[in-house]
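Each remark here refers to the structure printed beneath this line.
None of the figures in this text is laboratory data; all of them are computed from the coordinates on show. Owing to the predicted nature of the structure, the values given are computational and were not obtained by experimental measurement. Here the Cβ is made from the backbone with ideal geometry for all residues, glycine too, and neighbour counts use every protein chain on show.
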């Protein structure tokens, strides 16, 4: 029997690894699980990607599988590409500013430097804890987008960078899953 499965997969025109699992159930239902990892994603980011699940009869999946797979796969690939470009541009933007600041500081007398009002460590800690409590509350209410909006910056809390990145990835994954579930309803 000849199929065009691999040609159809290749026609999606995205580079990456497709992990596909297919389960055939007793009630003529087929469940296809597809986990797509773009080539440019990092291992930590790959772990946060949920599999896409497709359920239906073998005839239904045969007709609609690639059409339904196309948009989420392209969005995933584009998201990682955009993030990679953003991170690269951010690093390039930060590097000159750091050297500029050190040059400016050496050329300007101390009494001429304007600084923002200093925020105490206690106040920073209090703000962080309040934000975390609110994020936990939003998480419990499935308001993942709201939680992402108030997530503290890694720049403000460099000692919490790893924790904040992990939380951002997790909340983003949950937000996408929640949005996908709402679309199915």
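Put a dot 7 Å past the Cα of residue 8, heading toward its Cβ, do the same for residue 153, and the two dots end up 4.8 nm apart.
Per the Debye calculation on the range 120-185 with a single equal scatterer at every Cα and no solvent contribution, log₁₀ I(q)/I(0) for q = 0.17 Å⁻¹ amounts to -0.60.
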